[in-house]
Amino acid sequence: MQDSGIQVLFQGINFVRLLEGLWVSLKLALVSMAFSMVLGFLMGILMAGRNRIVGFVCRVYLEIVRIMPQLVLLFLVYFGAAKHLGIDISGELAAVIVFSFWGTAEMGDLVRSALISIPKHQYESGYSLGLSRMQLYRHIILPQTFRRLLPSAVNLLTRMIKTTSLAVLIGVVEVVKVGKQIIDASRYENPKAALWIYGTIFILYFAVCFPISKLSTVLEKKLQV
Amino acid sequence: MDLSFISAYTPMYIEAAGLTIRIALYGIAGAFGVGILCSLIKELNIPVLKQLAQIYIELSRNTPLLIQLFFLYFGLPKLGIVLSSETCAVTGLIFLGGSYMAEGFRAGIDGVPQIQRESAYSLGMTKKQTFWRIVVPQAVATSVPVFCANIIFLIKETSVFSAVALADLMYVTKDLIGLYYKTDEALFMLVVSYLVILLPISLLSSYMERRVRYAGFGNTGIVSGH
């Protein structure tokens, strides 16, 4: 075969380096997702509650996150923190802060809608069977909430993974940055490297996200109440 | 905050915002077209094309826009296909948005209960009449919130275009921070610009959602999520 440039993937440890880069992106996504799950749960419970002021504050927070592009938030934290707090936070930290901030809002909204979708008679039946509040939540409300929540939470994970690709724009050395380094290093002996490297990164992202979104669809069908 | 700096560079932001809006408009219109095409192919059950549409939808939904853009902008020229930044941005946005729009249409059409069609047929309506007079109006009502969400989503996604050297809002901001260290002013104008673009659209979309809630019949099982 004529020089197609595909050998760039097999030279040295190039492919392994790409995978390592991908792992950096995935780690960012997983850490942010973990924070978002915990904080989002709290926020969802707060939003489903009846306190007007708390509800309003959460609403404003949610709208801010919904309206501002994640990249703008990244810039705000990355450049803003350096200037005002006088600390030079790393790109990774900025990314985790912003993606958790974003994920918490999304997760909070999911938890809220799962909670309010539990019909009132479930509570009433629980109480009339003599369950305590703790027992009611432990055995009746939370299991149903989880079932409703799981597919959309899994879906949020794929969105989180896709969103973490933005981290390269504030200087995090992840899969795209590694790809660029490989392309630059082989600029002369392999001018077509860019096609294969970016093509591979595209496929890698797909290989990660596709099974997760399929899982979300399957769960949705299986757990339908 | 340096107000004279802000007023001096406002025209630059307005120009960049104009660019963002223009690309978003082309992209959204294109995505709409691709979405209709894909859902028609699926609705009419055309073999081969149906599978291709499905592959496209999965590829588009499971990869980040940024990576799609990098491939278009840096990868394709190696095959002799050179796209300008703007073409790249519009193509990327259509590629991404098309699948979301298609899913929106599909969810709308699938959301119309089968009994609606059966009732229409038993009233003597033809297939065409049923589709246009019974299915479409109800499908639109359930799709509108999804479309509004998609439009906002796509406008937000335009923020990554600076990565393919397009002089958009992010690009200008980064430039000003790099050149003059006017971090506060630049970031402030960035946030204001996006608010000015997105807040009216967000408000308008919640208004629209309320207006078209005629076919909900109480079951507002609308799935949002990208």
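Counting Cβ atoms of other protein chains within 10 Å of each residue's Cβ and taking the mean over peptide A:194-201 gives 6. Seen against the Cα atoms of chain A and their longest principal axis, helix A:70-84 is set at about 80 degrees. Annotation for B:A165 and B:Q51: the two label points, set 7 Å from Cα along the Cα-Cβ direction, are 4.0 nm apart. Full extension of the chain between B:D110 and B:V196 yields a length gain of 27.4 nm, computed as 0.36 nm times the residue separation minus the alpha carbon distance. Result for chain A in a Gaussian network model with C-alpha springs under 10 Å: among A:S186, A:S152, A:S132, the largest mean-square fluctuation is at A:S132. Bridgeable lysines around A:K120 (alpha carbons under 25 Å apart, same-chain partners fewer than 8 residues away excluded): A:K221, A:K222.
Counting only protein heavy atoms and a probe of 1.4 Å, the accessible surface of the protein assembly as shown is 67% carbon and sulfur. Bridgeable aspartates and glutamates around B:K78 (alpha carbons under 18 Å apart, same-chain partners fewer than 8 residues away excluded): A:D3, A:D184, A:E189.
Mind checking the range A:1-96 for chymotrypsin sites (Phe, Trp or Tyr not before Pro) that DSSP puts in a loop (not H, G, I, E or B) and that have at most 11 other Cβ atoms within 10 Å? Present the calculation step by step, with values, prior to reporting the outcome.
Working: sites: A:F10, A:F15, A:W23, A:F35, A:F41, A:F56, A:Y61, A:F75, A:Y78, A:F79; in loops: A:F10.
Within the range A:1-96, the qualifying chymotrypsin sites (Phe, Trp or Tyr not before Pro) (loop, at most 11 other Cβ atoms within 10 Å) are A:F10.
Other protein chain C-beta atoms within 10 Å of residue C-beta, averaged over B:156-167: 3.
For A:Y188 and A:T217, what does the FRET efficiency come to when R0 = 60 Å and r is the distance between their Cβ atoms, rounded to the nearest 0.05? That pair, A:Y188 with A:T217, gives E of 0.85.
Placing +1 at every Lys and Arg Cβ and -1 at every Asp and Glu Cβ, with all other atoms neutral, what dipole size does the protein assembly as shown have around its Cα centre, in debye to the nearest 20? Intermediate values should be presented prior to the final figure.
Values: 38 positive and 26 negative charges, 320 e Å.
Approximately 1540 debye in magnitude.
Inter-chain Cβ neighbour count for A:72-79, averaged per residue, equals 5 (cutoff 10 Å, partner chain atoms only). Label-to-label distance for A:L30 and A:R59 is 3.9 nm, based on points extended 7 Å past Cα in the beta-carbon direction. Of A:A34, A:A207, A:A48, the residue with the greatest mean-square motion in the GNM of chain A, using alpha carbon springs below 10 Å, is A:A207.
Between the range A:153-225 and the range B:46-106, what's the alpha-carbon centroid distance in Å? Between the Cα centre of the range A:153-225 and that of the range B:46-106, the gap is 14 Å.
Could you give the accessible area per residue of the protein assembly as shown, probe 1.4 Å, as a whole number in Å²?
Working: 22660 Å² over 451 residues.
Here the residues of the protein assembly as shown average 50 Å² of exposed surface.
A:G40: net charge of surrounding residues, Cβ under 12 Å, Lys/Arg +1, Asp/Glu -1, itself excluded? Every neighbour counted, the sum reads -1.
Relative to the longest principal axis of the Cα atoms of chain A, the long axis of helix A:91-116 makes an angle of roughly 30 degrees. So which of A:K180/B:K182; A:K180/A:K214; A:K162/A:K214; A:K214/B:K128; A:K83/B:K174; A:K177/B:K174 end up more than 25 Å apart, counting from Cα to Cα? Pairs exceeding the cut-off: A:K180/B:K182; A:K180/A:K214; A:K214/B:K128. Each residue of the range B:134-147 was assigned a 3J(HN,Hα) from its phi angle through the Karplus curve 6.51 cos²θ - 1.76 cosθ + 1.60 (θ = phi - 60°); the sequence is 10, 6, 4, x, 6, 5, 4, 4, 7, 7, 3, x, 5, 5 Hz, with glycine and proline shown as x. Rounded to the nearest 10 degrees, the angle from helix A:193-222 to the longest Cα principal axis of chain A is 20 degrees.
Once you keep just the Cα pairs under 8 angstrom separated by 6 or more residues, what percentage relative contact order results for chain B?
Details: 230 pairs, mean separation 63.8, N = 226.
Contact order relative to length: 28 percent.
Loop-located trypsin sites (Lys or Arg not before Pro) in the range A:1-50 (DSSP state other than H, G, I, E, B) with a sparse environment of at most 13 neighbouring Cβ atoms within 10 Å: A:R50.
Which loop trypsin sites (Lys or Arg not before Pro) in the range A:163-214, with loop taken from DSSP, have no more than 13 other Cβ atoms within 10 angstrom of their Cβ? Filter output for the range A:163-214: A:R187.
The values are calculated or read from the model by the stated rules, or taken from the named source; none is laboratory data. What you see is a predicted model; the values in this text were computed from it and never measured. As a convention, Cβ positions derive from the backbone with ideal geometry for all residues, glycine included, and neighbour counts pool all protein chains shown. Ligands, DNA and RNA are stripped out before the accessible areas are found, and what is left, the full protein with its side chains, is counted by its heavy atoms. Shrake-Rupley method; radii C 1.70, N 1.55, O 1.52, S 1.80 Å.
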